[in-house]
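Colleague: Quick one: the structure is below, questions incoming.
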Amino acid sequence: MYIEVSDDFKKKSAAAVWAIVIFVIVYLFIFVLAIALALACIAAGIWLIVAKPMLVTIMLGAGMAGLGLFVFYFVIKFLFKRHINDRSDLKEIKRESEPELFKMIDEIVKEAGTNSPKKVYLSHEVNASVFYDSSFWSMFLPIQKNLTIGMGLVNTTTKQELKAILAHEFGHFSQRSMKVGSYVYNVNQIIFNLVNDDESYRDSIRSFSDVSGYFSVFGALALFITGQIQWVLVKMYSFVNLRHMALSREMEFHADEVAAHIAGSLPLEESLLRLELAENSYQNVLHFYDSKFSTNVASKNIYQEQSLVMAFLAEQNEVLFKNGLPDIKLSESGLFSKSKLNIENQWASHPSHEDRIERLRKLNIVKENFTESAKDLFTDFTETEEKMTLELFSKVNYKDQTTNLDIEIFRSEFEEKYRQDSFDRMFNSYYDHKNPDITVKETSVDQYISFDELFSKEKVEWVYSLITLENDFKTVEAISKKEIDIKTFDYDGIKYKQKDAKNLLPEIQIEIDDIKEKVLKNDSDIYNYYIKISEEKGQKVNFINTYKDFADYDKVYEEKYQLYLDLLNETNFMSNVTPFEQIKKNFQNLKTLEEKLKFELTVFHQNAVLTKNIDHKDLEDLKFFTSNNHIYFLNNQYMERDIQLLVKAINYLPYFLRQKYFLKKKALLGLMQELREV
C-alpha cells in the first residue's frame, strides 16, 4: 500500500534533509580541523622530544600528543556509541502462545507493506510503540524493529481500535519517504552524544591529567577546545532538531493515514479520545495503591481495577458508553480549552489530538469494525493481567508479606476515597479549579437567578476562559521579556512578532478584566442565592459562618504557605558547600522559623481528620519533631537523624495546609449541596 505524502510533508522533509546536509558540512569541517590538530600536536610532541630528549620534554611532548588525540577522539566517539533500550519492564510474548494477536500483527504488516517486528513485548503502560537499538551504523544497515503493546491499552480498546493504533506505529516504517525521519533522528542522537553524553570522556581526561602536572595543562586545554566544539554543536542540535520535530508532526499525520487505510478513521479517532481517560484511570489505581503501601496491600489485577475506575469516572462525568467502553466526544475532551494563543510548539513531536482527529475526519475511511474487546485477542487475558500485575508490584519494596484486595472492596474503597477528595457534580465543575469568592457580600436582589443558570455551561466556561487568559497573559509576558525565545506567535488568529508581545498585553488584560467582572458578578449571585434559600430553611447563620470560616482561612493561607517558602530558602545552604561557622550561624538564624513550624505542625497533627491518611511512622516522627529540641550540626558534622526529621517536617507543612484548605472548601460546598437538596 502506497500513500502519497502531503505537500507539507515534502517541504518539511526537504528542510530536514538540508539541515542534515548543513550539519554534515559543519561536522566535516570540525573533523578536518580535529585531524589537523591531532597530527600537529603529535608532530610537535615528537619534534620536541627529538630536539631535546629529557624528562620535561618527554612529558610535554606526550601531553601535546594526548591533547590532539583527545580532541580527535571527542569528534569521533559517537561511532562507538550504541543506544540500548531498557527491556527490564517488558515481557516478551511468542507467536505460539498468542496466535490471534500475531495474526492481527501479520495482517497489519502485510497491509502496511513493512517488515514483521523482530520481537513483541507487553508493557504495563497505556500505549504502544515500535523501538530498536540504534547506533551511527543504523543509518546504513537494515534494522529490525520491536513492538511494545501496553496492557493498559489492550484493556481499554476494541480489536479494531487496537489494530488502528498498531497500524499507526508500523505506518512510521511503511514507506521510503518515512526513512527521512529515521536519518534525522540518528543525526540528533549523534549530536546529543557529542554534546551531552561525555562523562566517560571527561573521566578519561581527568585520569590523564592526574598522571602528571604537565598533563593537567593539556587536559584542561583539551576540555576548553572540546567545549568550543560543543558550543557549535549545541547550535546545530537546535537547528536540526527544530526541523526534525516539525517533520515528526507530519510523520504522525502520515502514520495516521496509513492506520486509517488499514483499520478505518473512526476506530483510531475513538481510541485517541479515550486514551486520556484510560491513562488517568490507570494512574488513579497506582495512586490508590501508593496510599496502601504502609499496610502492605497490593493489587492482584491492576487492569481489572483500571477498567472499574474508567467506567466510574465516565459515569461521574455523564459520558455515554459504546461497545462496553466510554465513548468520549471531541467536544467533551476539549471543553475547557479556550486559549487564543497559538505558539507552534517547535519542540513537540506529536500534533494535538484535535488536529489529528480533524484530518482523520477529512479522510473518512470506513472499514469493517470489529467491536469485540481487544482482550479477546489473547489466549487467557486474565492470567496475563495477573502475571503482569504481580511483576509490577514485585518491584515495590514492601516491609512485609503483601495481601490483595478483593475487587469489590477495591471498588468500594476507591469510590469512597474519590468522593472524599472531590466536589459534587451538581456544581458542574465550576469549583474544580476555582474557589468561592471571599469578597462577596449580601445585597438586596430584585430577582434571584436559578441554580441551573448560576452553574450553566456558559458560566463554567467563563471560569475556564479566565484561567486560560491569565495563563496566556503570563506566556505573552514571558515572550515580551525574551524568557521564551520565539520569533513569531499567533493570538486570536493574528500573527505577532516577539517585539509586539508587549503591546498585546494590555489587550489581553482588558479581556481578563471583562471576564473577571462577569465571574465576580456570578459569584455574588451565587452567594445571595444561598443567602435566600438558607434563610428560607432556617440555616442562614450556619451558611454565613461556614462561608466566613472558609474566607478566614483563605486570607491566612498565603501567609502560612510563606513559612514553607522561607524554610526552604533558609535551609538551602545544606545542599551547598558552606563554611562550618556559617552553617552554625544559619542554624541559629533558623530557630525562629523552626518554632513556627513546630507550632503549625502541632496544631495539624492533633487533628485526626488531617492525619488519617498519613503513614504511622511519619506521624510519629512529626510528633517527635514538634515535642523535642534538635541538634542539626555538631562537631563540624550534620546530625543526619535530626536533619531528616527537619526535612520531613518542612515537606509535610504544605500538605497539611492544602489538606485543611480543601476540607474547609469541601465543608462549604457540602453545606451548599445540602441546602440545595433539602
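Colleague: What angle, in degrees between 0 and 90 and rounded to the nearest 10, separates the Cα long axis of helix 407-420 from the longest principal axis of the Cα atoms of the chain?
Modeller: Between helix and principal axis, roughly 70 degrees.
Colleague: Using +1 at the Cβ of each Lys and Arg and -1 at the Cβ of each Asp and Glu in the chain, identify which of GLN144, HIS168, ILE58 lies farthest towards the dipole's positive end.
Modeller: Of the candidates, ILE58 comes out farthest on the positive side.
Colleague: Given labels modelled 7 Å from the Cα in the Cβ direction, how far is it in nm from GLU276 to THR578?
Modeller: 4.3 nm
Colleague: Oh, and also: Tell me the angle of helix 213-263 to the major Cα principal axis of the chain, expressed in degrees between 0 and 90 and rounded to the nearest ten.
Modeller: 60 degrees
Colleague: At 222 nm, what value in deg cm²/dmol follows for the chain if DSSP H runs of at least 4 each add -39500 (n - 2.57) and the sum is divided by all its residues, to the nearest 500?
Modeller: Calculated mean residue ellipticity at 222 nm is -22000 deg cm²/dmol.
Colleague: May I pose another question? Which pairs in the list LYS417/LYS474; LYS516/LYS555; LYS555/LYS591; LYS474/LYS665; LYS292/LYS537 are over 31 Å apart, alpha-carbon to alpha-carbon? Show your work: numbers first, answer last.
Modeller: Numbers: LYS417/LYS474 35 Å; LYS516/LYS555 20 Å; LYS555/LYS591 26 Å; LYS474/LYS665 27 Å; LYS292/LYS537 42 Å.
Among LYS417/LYS474; LYS516/LYS555; LYS555/LYS591; LYS474/LYS665; LYS292/LYS537, the Cα-Cα distance tops 31 Å for LYS417/LYS474; LYS292/LYS537.
Colleague: Mind checking the full-extension length gain between LYS387 and THR57? Use 0.36 nm per residue of separation minus the Cα-Cα distance, one decimal, nm.
Modeller: 112.1 nm
Colleague: Continuing with this model, one more query. What percentages make up the Cα-Cα pair-distance distribution of the range 515-578 when the bins are 10 Å wide from 0?
Modeller: 18, 26, 23, 15, 11, 6, 1
Colleague: Using only the Cα atoms, work out Rg/Rh for the range 555-666, with Rh taken as the Kirkwood radius, to two decimals.
Modeller: 0.99
Colleague: Suppose R0 equals 56 Å; then what is the FRET efficiency for ASP210 and LEU28 from their Cβ-Cβ distance, rounded to the nearest 0.05?
Modeller: The formula returns an efficiency of 0.95 here.
Colleague: At 7 Å along Cα-to-Cβ for each site, give me the label-to-label distance between LYS103 and VAL603 in nm.
Modeller: Once both label points are built, they end up 6.8 nm from each other.
Colleague: Moving on to the next point. In straight Cα distance, which lysines are under 17 Å from LYS94, not counting same-chain residues fewer than 8 positions off?
Modeller: Within the straight-line limit of under 17 Å, LYS94 reaches these lysines: LYS103, LYS118, LYS119, LYS145, LYS375, LYS387.
Colleague: Can I ask one more? Just how large is the dipole of the range 555-666 about the Cα centre, in debye to the nearest 20, putting +1 at every Lys and Arg Cβ and -1 at every Asp and Glu Cβ?
Modeller: 560 debye
Colleague: Turning to a different aspect of this structure: Would any residue of the range 415-454 have its amide N under 12 Å from a label point 7 Å out along Cα→Cβ of ARG676? List them or say none.
Modeller: 423-432, 450-454
Colleague: Same structure, new question: Please work out the FRET efficiency for the pair LYS10 and VAL234, using the Cβ-Cβ distance as r and a Förster radius of 30 Å; give the result to the nearest 0.05.
Modeller: With R0 = 30 Å, the Cβ-Cβ based efficiency is 0.55.
Colleague: Further question on the same structure: Between TYR448 and LYS623, how high is the FRET efficiency from 1/(1 + (r/R0)^6) when r is the Cβ-Cβ distance and R₀ = 35 Å? Nearest 0.05.
Modeller: Efficiency at R0 = 35 Å is approximately 0.10.
Colleague: Hey, what angle do you get for helix 302-316 against the long axis of the chain, alpha-carbon based, 0 to 90 degrees rounded to 10?
Modeller: The angle comes out near 50 degrees.
Colleague: Here is a further query. How do ILE108, ILE449 rank when sorted from fewest to most other Cβ atoms within 10 Å of their own Cβ?
Modeller: The most exposed by this proxy come first: ILE449, ILE108.
Colleague: Sorting ARG249, ARG359 on the 10 Å Cβ count, fewest up front, what's the list?
Modeller: Details: ARG249 22, ARG359 17.
So the ranking, lowest neighbour count to highest, is ARG359, ARG249.
Colleague: Just need the relative contact order of the range 555-666 here, percent rounded to a whole number, with Cα pairs under 8 Å and 6+ apart. List each step's numbers first, then the result.
Modeller: Values: 66 pairs, mean separation 36.9, N = 112.
Relative contact order for the range 555-666 comes out at 33 percent.
Colleague: Moving on. Work out, step by step, the length gained on full extension between GLN420 and ILE484: first 0.36 nm times the residue separation, then minus their alpha carbon distance; give nm to one decimal.
Modeller: Length gained between GLN420 and ILE484: 19.1 nm.
Colleague: Now, a different point. So which lysines pass the test for LYS11, namely a Cα distance under 24 Å, with those fewer than 8 places away in the same chain ruled out?
Modeller: LYS11 reaches LYS179, LYS235, LYS362, LYS487, LYS495, LYS497.
Colleague: Here's something else I'd like to know. Once the other residues with Cβ under 14 Å from the Cβ of ASN528 are scored (Lys, Arg +1; Asp, Glu -1), what is the net sum?
Modeller: Local net charge: -4.
Colleague: Provide the net charge surrounding PRO654, with neighbours chosen by a C-beta distance below 13 Å and charges set as Lys +1, Arg +1, Asp -1, Glu -1. Walk me through the intermediate numbers first.
Modeller: On the way: positive: LYS560, LYS648, ARG658, LYS660; negative: GLU558, ASP566, GLU600.
Local net charge: +1.
Colleague: I've got another one for you. What is the percent of Cα-Cα separations in the chain that go past 44 Å?
Modeller: For the chain, the fraction of Cα-Cα distances above 44 Å is 44 percent.
Colleague: Let me ask something else. List the aspartates and glutamates whose Cα lies under 13 Å from the Cα of LYS596, skipping any in the same chain that are fewer than 8 positions away.
Modeller: The qualifying aspartates and glutamates are GLU559, ASP566.
Colleague: Please give the length that would be gained between HIS353 and ASN435 if that part of the chain were fully extended, namely 0.36 nm times their separation in residues minus their C-alpha to C-alpha distance (nm, one decimal).
Modeller: 26.5 nm
Colleague: I would also like to ask the following. Expressed as a whole number of Å, what is the distance separating the alpha-carbon centroids of the range 434-474 and the range 545-578?
Modeller: A separation of 28 Å, based on Cα centres.
Colleague: Based on Cβ point charges of +1 for Lys and Arg and -1 for Asp and Glu, what charge dipole magnitude is obtained for the range 563-620 about its Cα centre, in debye rounded to the nearest 20?
Modeller: 80 debye
Colleague: Considering only C-alpha atoms, what is the centroid distance from the range 222-289 to the range 385-411, in Å?
Modeller: A separation of 32 Å, based on Cα centres.
Colleague: Using a simple charge model, +1 on the beta-carbon of Lys and Arg, -1 on the beta-carbon of Asp and Glu, nothing else, what dipole does the range 399-454 show about its Cα centre, in debye to the nearest 20?
Modeller: So the dipole magnitude of the range 399-454 works out to roughly 200 debye.
Colleague: Relative contact order, percent, of the chain when contacts are C-alpha pairs under 8 Å separated by at least 6 residues?
Modeller: With pairs under 8 Å counted, the relative contact order is 12 percent.
Colleague: Output the Kirkwood hydrodynamic radius of the range 423-536, Cα pairs only, in Å rounded to one decimal. Walk me through the intermediate numbers first.
Modeller: Working: mean 1/r = 0.0617 Å⁻¹.
That comes to 16.2 Å for the range 423-536.
Colleague: Under a crude label model (7 Å from the Cα following the beta-carbon direction), how far is ASN369 from GLN509 in nanometres?
Modeller: With each label point 7 Å from Cα toward Cβ, the separation is 5.1 nm.
Laboratory data are not the source of any read-out in this text; all were calculated from the coordinates shown. As the structure is a computational prediction, the values presented were derived from the model and not from experiment. Ideal geometry is used to build each Cβ from the backbone, glycine not excepted, and the neighbour counts take in all protein chains shown.
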